[in-house]
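> Before I ask anything, let me first share the structure, which is written out below as structure tokens.
Read-outs throughout are calculated quantities, based only on the coordinates presented, and are distinct from any laboratory measurement. Here the structure is a predicted model, which means the values were calculated and not measured. Backbone-built Cβ (ideal geometry, glycine too); neighbour counts: all protein chains shown.
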Amino acid sequence: MIDSILIPMLLGFAVFMCGMKLMELALHRLAGPFLTGVLERSTATPIHGLAIGTVTTAFLQSSTAVTVLAIGMVNAGLLTFPRTLGIILGTNIGTCITTELIGLNLNKLAIPLLAVSLAIWIATAMLGELRIVPALRNTRWLDPLRSSSVVLCGFALLLTGMGMMQGVGPAVQDSPFFSWFLDKAGENLWWGLAAGAVLTAAVHSSAAVIGIIMGFVSVGAMPIELGIAVVLGANIGTCATALLASIGGTKAGQYVAWSHVVLNAGGALLFMPFVGELTTLSEWISATAAGQIAHTQTIFNVLSSLIALPFCYLGIFRRLGPSAPH
């Protein structure tokens with residue numbers, strides 16, 4: 001079991017997370033300061049915050065990063081709690097871009113993308129050494145291009161890790177523990193919700209957990225209904241990082257973290273009775289199992305955010321924080 005499941009799974013997960021972090025760090029370097037300014041200036045209303053949160057998260061490929069950034073800005077007095085409500089809703093929509101990309105089954109492109117990214121990086125490094133040549137001194141485009149190559153490399157590693165984790169599907173399917181879990185989840189899908197929440201809280205990445213589930217569902221190791229339940233649980237587990245980031249901060253920063261919990265947990269509990277309907281809808285939209293999981297994540301997050309958006313305009317939330325800074 002260790003040789004056939006645990007080691008390949010951990011190795012694939014490590015490669016996947018390495019790719020995720022490379023993408024996040026490179027994208028943050030590309031536009032982090034600019035996006036911070038946008039968050040500060042363009043969140044006057046919840047609908048504006050939702051739009052900015054969606055775009056920012058889609059760009060940074062990490063809802064956790066944007067949520068933690070919002071908490072930090074609230075703690076620093078740059079944002080007030082009411083202004084972050086829309087951002088939190090938007091992060092849940094923006095994070096769907098990652099799972100939709102994973103659901104496209106682009107694993108075969110991993111090696112070509114890696115080769116292209118390395119070629120671009122080497123070319124920019126060589127051109128950087130030539131900046132002493134007068135004609136090449138004004139090469140401000142080199143750093144963004146180099147960061148873009150790192151983003152591409154991260155995406156290639158993400159796809160490689162996905163392929164490695166999917167490869168253990170048959171071995172997992174034959175394991176006694178997984179059979180026990182399937183039996184329990186077959187009786188009650190809430191086991192899947194709990195498993196998704198715990199796993200995501202442990203690894204601090206809902207995309208990683210959802211990616212693993214896509215692999216299991218794709219090879220037939222897990223029924224689609226159980227996969228959807230795990231996805232709903234993963235949305236609860238992703239709140240753990242925000243809660244940790246809020247410890248020791250201001251009361252307003254803690255409000256931000258707990259609003260994230262209320263949104264994700266409330267949405268998961270609301271949609272759990274409709275797993276069957278979500279399954280039918282996702283099967284109608286996509287013919288592939290991975291695509292169905294990705295679309296379910298998107299449908300759930302978009303609907304949850306749109307349902308919660310009107311509540312963000314309630315006066316009680318405006319009274320929880322002082323007037324927004326100008």
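> Figure the gain on full extension for LEU127 and GLU277 (residue separation times 0.36 nm, minus the Cα-Cα span) and round it to one decimal in nm.
Numbers: separation 150, 0.36 × 150 = 54.00 nm, distance 5.48 nm.
Full extension of this stretch gives 48.5 nm more.
> Using the number of other C-beta atoms within 10 angstrom as an exposure proxy, rank THR200, THR64, THR298 with the fewest first.
Working: THR200 26, THR64 23, THR298 20.
Going from least to most buried by this count: THR298, THR64, THR200.
> Compute the distance from the alpha-carbon center of the range 198-216 to that of the range 248-315, in whole Å.
After rounding, the separation between the Cα centres reads 16 Å.
> A further question follows. Run the quick spin-label model on PHE178 and ILE247: label points 7 Å from Cα toward the beta carbon, then report their separation in nm to one decimal.
Each label point lies 7 Å from its Cα, and together they span 3.3 nm.
> While we're looking at this one, here's another question. Just subtract the alpha-carbon distance of LEU306 and VAL116 from 0.36 nm times their residue separation and send over the number in nm, one decimal.
Details: separation 190, 0.36 × 190 = 68.40 nm, distance 3.91 nm.
Taking 0.36 nm per residue and subtracting the Cα distance, the gain is 64.5 nm.
> Using the 10 angstrom Cβ neighbour count as an exposure proxy, how do HIS260, HIS295 rank, fewest first?
Taking fewest neighbouring Cβ atoms as first place, the list is HIS295, HIS260.
> Now for a different question. Could you tell me the calculated FRET efficiency between TRP284 and TRP258, based on Cβ-Cβ distance and R0 = 30 angstrom, to the nearest 0.05?
Numbers: r = 36 Å, r/R0 = 1.19.
The pair TRP284/TRP258 has a calculated efficiency of 0.25.
> Among ILE93, ILE224, ILE247, which comes first, then next, by fewest other beta-carbon atoms within 10 Å? Kindly include the intermediate steps, with their values, before the conclusion.
Working: ILE93 23, ILE224 19, ILE247 9.
Ascending number of Cβ neighbours within 10 Å: ILE247, ILE224, ILE93.
> Add +1 for every Lys or Arg and -1 for every Asp or Glu among the other residues with Cβ under 11 Å from the Cβ of TRP191, and state the total. Spell out each step's value before the answer.
On the way: positive: LYS184; negative: ASP183, GLU187.
After counting each charged neighbour, the total is -1.
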